[in-house]
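Colleague: Structure below; questions to follow.
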Amino acid sequence: MSFIGGYQSDVNLNDLQFVGDFPIEHSIGGFGIAQGTDNYTLSLTPAISQYRQGLPLEVKFQNTNTGPATLNVDTQGAVPVKKIEAGALTDLTAGELDPDKLYILIHDGAVFQIANHGASVIVPLADESQPGISERATQAETNAGTDDARHITPLKLLTFINNFLATETQAGISERATQAETNAGADDTRHITPLKLLTFISNFLATEIQAGISERATQSETNAGTDDARHITPLKLFQFFINKLATELQAGTALIASQADVNTGTDDTKIVTPAKLAAYVSDKLTGLWEDKGVLDCSTNPNYPASQKGDAYTVSAAGKIGGASGADVQVRDVIYCVNDNPGGDQATVGGDWNIIQTNLVQATELVAGFAEIATQGEVNAGTDNTRIVTALKLKTLLDNRVATELITGLAELATQAEVNAGTDDSRIVTSLKLKTLLDNRLATEILAGLAEIATQTEVNAGTDDSRIVTALKLKTLLDNRTATEIRTGLAEIATQAEVDAGTDDERIVTPIKLFKLLDVLLQYAAGTGTNAIIPKDGTANEASGTDSAVLNGRDNRSATAYSSSVGRGTDANRYAEFASAGGMFFSTRGSAQFFKLQAFTTVNPGTGIFPINLDGSGLNNTNRWSIPSNTVHTFRLYFQVVQNSGTTGNIGDTWSAYYEGVARNNAGTLNWVGSSPTANNVRSDAGFTPSVGFVFQGDKVVPFVIAMSGRVLHVNITCLITQTKFNLS
C-alpha cells in the first residue's frame, strides 16, 4: 500500500517492475492548513502515527511567521521548519511564510525542509473571472447576502429561501392564499392571485350592514324603486325626482306656483307656498272686518256709506253695486275694499268682495264649503273632501319618517353620522357623501379610497397608501431584473443557453441542468455508455462503453474503453481502450504512475503515421501530453502486426521495448539523456517496420512509417511515472 500526494492506493509499484528506487514507505503524508503563529500545529486525515524520513507534506500556513518556526503534525512533536539557502539549512526569518502560498515540506529525520523555497505556489481566491479557492459561507452570511467571496451550499441556500418571507418592508417568498383565506381577509402573510381577488370582489356585495361593491341601477330600476341591491347615481336620482310628479294619490315633486297661478286658482299641479297664499288672502281680505249688520240688496241702486273693511250680511237677495252689480244671496257676506265706494259697480272686485256662505260642497271643479279634516283623517290620507290645515299637515309630516318600505320625511345626517355609518334613518347629502369618500382612505383593514401610485412610487416600493395598477406592476416587474445582489425577475434560459454556459442573466431550471449533465457527466448505477459511477464499497464494475468507476476497492472495467480506479482495481483491457490507473494527473509535487494504451491502423502510402490514444489516425487529438514542468520516465512496448496486404505475410509481427525520460520545461519538450532506442527487438523474417518518436508542442508522438503493400495494425502500451520538478 502506498500514499501518493495525499491519496491512498493498493497499487504496489514494485509489482509493475518499475526501474528505480521509489520511496514507498516515505510517502505517507497529506495536505492541511497549519494553525497558530511560529509554533504551528497541523492535523491530517488520516493522521500519521510517527515521523519518517522522506515524509512529504503540502501545507498552507494560517498566519505568517515572526521568526524561526516549528511544526507539530498530529501531536507527534514540534519539528523545526528550515529553508535551504546557499546550500545550508537555515532558520526562517520574519514574514517568509505567506498565508496565500502553498509549501512542500519534507522530513529529513531532524527538521522539515521547505522543498520549494523561493518558488512557492500562490493559491488564488475564486472570483467571477478566475477559478480558485473559497471559504464556505455560514448561514448568517448566507442570510445577510453581503459577502461576495464565500460560496453557498445547497442546504444553506434552501434554509435561506425557506426563511426569506415577504413582508410589507421586505421582498421575499410567500405562499398563495386559498379562496377561503382571501375571502376571510385575516391573513396578512400569503399573497392573493388576480383570479382569487376577482372572485372575492365579485362576491363581496354591499348590504345595509356591509361595505362592498354593487352594480349601478338603471333609470328604470331607479324609477321602479323595487331593487334594494343596486346603487343610484345622483343623475338618476335627479331624473327620478324630476319625473315623479306629486298627485293626490302619489307623493312626488311639484313646481311652486307663481302668484298669478295662486290668484287664478286654476292650476292643480303646482304647490302654493305660505307667502303666496298669504298674499292672495290679504288681497281678498284687506284690513280688519267691521260688522255693519244686514243689508237689503233687493232695491237698487244701493250704496251704503262704507269704509274699507266694513262688512254686511245680505238679508234680502239682489245685487250689490247697482243694477249691473254682482248677484248676492241671503247670508252672503259683502265687505268693502275701498274707502267711500260709489257709482255703478259692473263687476265684483271693484269696491266690494263677496264671501258666498251658501255654496255646495267644494270639489276640485266647484268652489264651495269644506270641513277641516281631523288629525286622524289627515294621517289616514283617505278623505278627499275635508281640507287640511297647516298645523295638521306639519304634524303629519313631522311623524311621517321615511323607511325602506314607506316614503316620508328624513333628517339630514351630520358629517359625523355619515362618517360613522351606523344611522339608518337620516339621509346623506352629496356634499357629506363626497366628504366621507374624500377622507376614507383604504388601509389593510379598512375599505376606502386610494390614489393610484405613480410609476416612480411603485418602483421605489416605499409608499404603503397608494394602490398599484396592473400596468405599473407589470412595468416594475418587466424592469426588475434579478442579479447576484438583487432579487427580481429572470427569464428561463433555453437549453442552448444552458449548454453554452455564457449567459449570466437567465436562470437554469432543474430539467435543463440535468440535460446538460446528462451530456457532460452521465451518472449511472453501474451501467450505461459514458457513465461515471461514483460508488463506494467493493467489486464495482464499469460495464458500459467509455464508463468509469471513481472510487471503492476491487473494482473492474468490463467493456471497451472503460476504466476503474480505487484500491485494488482491475484495469485489464477489453477490446481496445486507453486506461490510466491512479488518475493523479493534477496532484502537485508528487510522483504518479499511469499507463497509456495507443493503437491505430496504418495503410500503405500514408507516410509517417502518428499513433493516437483512441485510434483516430492522423487526428491531432488524444495524444500523449506532458504537462508543463514535469518529467515522464517511461517504458514503452511497441508492437506492429501485418493485418493484410499484397506483399508479406498476414500475422507477421515486430515488437520492441523503449525506455526513456522526457521533460516539459515551461512548454519546451526535450529528452533527458539520449533519445529512446529499441530493446528486446523481436521480428519475423522480412518484416522490419520503421518506428520512432517526435515532439509536437507538449506532446510525445510515437509514429510508424507506412510499408508498401502492407496494412499494419499498431498497438502501444506505455507505463509512465510523472514527477513535478518545478512548481513555479
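The values are calculated or read from the model by the stated rules, or taken from the named source; none is laboratory data. What you see is a predicted model; the values in this text were computed from it and never measured. All Cβ positions, glycine included, derive from the backbone under ideal geometry; neighbour counts span all protein chains shown. For accessibility, only protein heavy atoms count, side chains too; no ligands or nucleic acids. Shrake-Rupley method; radii C 1.70, N 1.55, O 1.52, S 1.80 Å.
Colleague: So, in region 491-505, how many residues would count as being surrounded by 12 or more Cβ atoms within 10 Å (Cβ to Cβ) and over 14 Å from the mean Cα position of the chain (by Cα)?
Modeller: The qualifying residues number 7.
Colleague: Among the numbered criteria (1) at pLDDT 90 or above; (2) open to solvent by 60 Å² or more (accessible area, probe 1.4 Å); (3) hydrophobic (A, V, I, L, M, F, W, C), which one does Leu102 miss?
Modeller: Unmet for Leu102, out of (1) at pLDDT 90 or above; (2) open to solvent by 60 Å² or more (accessible area, probe 1.4 Å); (3) hydrophobic (A, V, I, L, M, F, W, C): (2).
Colleague: I'm checking my understanding of the structure. Among residues of region 467-490 that are more than 23 Å from Thr146 (Cα to Cα) and hydrophobic (A, V, I, L, M, F, W, C), which one is most open to solvent (accessible area, probe 1.4 Å)?
Modeller: Leu471
Colleague: Anything in region 57-76 that is within 18 Å of Phe31 (Cα to Cα) and either open to solvent by less than 50 Å² (accessible area, probe 1.4 Å) or in contact (Cβ under 8 Å) with a residue 60 or more places away in the chain (or both)? List them, or say none.
Modeller: Once the filter is applied, which keeps residues that are within 18 Å of Phe31 (Cα to Cα) and either open to solvent by less than 50 Å² (accessible area, probe 1.4 Å) or in contact (Cβ under 8 Å) with a residue 60 or more places away in the chain (or both), region 57-76 yields Leu57, Glu58, Val59, Lys60, Phe61, Thr70, Leu71, Asn72, Val73, Asp74.
Colleague: Could you pull out the residue among Ala217, Ala211 that is surrounded by 12 or more Cβ atoms within 10 Å (Cβ to Cβ), at pLDDT below 75 and aliphatic (A, V, I, L, M)?
Modeller: Ala211
Colleague: With the structure loaded, tell me whether Thr456 is β-branched (Val, Ile, Thr) and surrounded by fewer than 11 Cβ atoms within 10 Å (Cβ to Cβ) or whether it fails that test.
Modeller: yes
Colleague: Within region 52-85, how many residues are assigned to a strand (DSSP E or B), more than 56 Å from the chain's Cα centre (by Cα) and charged (D, E, K, R)?
Modeller: Going through region 52-85 one residue at a time, the tally reaches 3.
Colleague: Here are some conditions: (1) surrounded by 13 or more Cβ atoms within 10 Å (Cβ to Cβ); (2) free of Cβ contacts under 8 Å to residues at least 24 places away in the same chain. Ala246 meets all but one. Which one does it not meet?
Modeller: (2) is the only condition that Ala246 fails.
Colleague: Taking the residues in region 652-672 that are small (Gly, Ala, Ser) and at pLDDT 90 or above as candidates, determine which candidate is surrounded by the most Cβ atoms within 10 Å (Cβ to Cβ).
Modeller: The extreme case among them is Ala662.
Colleague: While we're here: For the list (1) open to solvent by 80 Å² or more (accessible area, probe 1.4 Å); (2) within 29 Å of Arg440 (Cβ to Cβ), I need the number of the one condition that Gln239 fails.
Modeller: Against the list (1) open to solvent by 80 Å² or more (accessible area, probe 1.4 Å); (2) within 29 Å of Arg440 (Cβ to Cβ), Gln239 comes up short only on (1).
Colleague: Restricting to region 415-432, name every residue that is open to solvent by 70 Å² or more (accessible area, probe 1.4 Å) and in a loop (DSSP other than H, G, I, E, B).
Modeller: Answer for region 415-432, where residues must be open to solvent by 70 Å² or more (accessible area, probe 1.4 Å) and in a loop (DSSP other than H, G, I, E, B): Thr422, Asp424, Arg426, Val428.
Colleague: If I ask for residues that are polar (S, T, N, Q) and assigned to a loop (DSSP other than H, G, I, E, B), which ones from region 465-500 would you list?
Modeller: Answer for region 465-500, where residues must be polar (S, T, N, Q) and assigned to a loop (DSSP other than H, G, I, E, B): Ser465, Thr469, Asn479, Thr487, Thr494.
Colleague: Related question: Identify all residues within region 684-702 that are of a type in the set (Val, Ile, Thr) and either part of a loop (DSSP other than H, G, I, E, B) or buried (at least 16 other Cβ atoms within 10 Å of the Cβ) (or both); write none if there are none.
Modeller: Across region 684-702, the qualifying residues are Thr688, Val691, Val700, Val701.
Colleague: Please go through (1) over 23 Å from Asp424 (Cβ atoms); (2) open to solvent by 80 Å² or more (accessible area, probe 1.4 Å) for Thr253 and return the number of the only condition it doesn't satisfy.
Modeller: (2)
Colleague: Of the residues Thr382, Thr395, which is open to solvent by 50 Å² or more (accessible area, probe 1.4 Å) and out of contact with any Leu (no Cβ under 8 Å at 6 or more places or on another chain)?
Modeller: Thr382
Colleague: If the requirement is being assigned to a loop (DSSP other than H, G, I, E, B) and surrounded by 12 or more Cβ atoms within 10 Å (Cβ to Cβ), which of these qualifies: Thr443, Thr407, Thr462, Thr435?
Modeller: Matching residue, one of Thr443, Thr407, Thr462, Thr435: Thr407.
Colleague: Residue check: is Ile507 over 30 Å from Asp187 (Cα atoms) and in contact with a strand residue (DSSP E or B) (Cβ under 8 Å, 6 or more places away or on another chain)?
Modeller: yes
Colleague: Select, from Asn572, Asn619, Asn649, the only residue that is modelled with pLDDT under 75, surrounded by fewer than 14 Cβ atoms within 10 Å (Cβ to Cβ) and polar (S, T, N, Q).
Modeller: The match here is Asn572.
Colleague: Additional query: For region 43-51, state whether one or more residues are open to solvent by 70 Å² or more (accessible area, probe 1.4 Å), under 30 Å from Asp147 (Cα atoms) and assigned to a strand (DSSP E or B).
Modeller: no
Colleague: Quick one: which helices (runs of 4 or more DSSP H) sit completely within region 128-190 and have at least 1 residues that are open to solvent by 60 Å² or more (accessible area, probe 1.4 Å) and closer than 30 Å to Pro99 by Cα? If you could, list the steps in order and put the result at the bottom.
Modeller: Details: elements: 139-144, 154-163, 179-184.
Qualifying helices (runs of 4 or more DSSP H): 139-144, 154-163.
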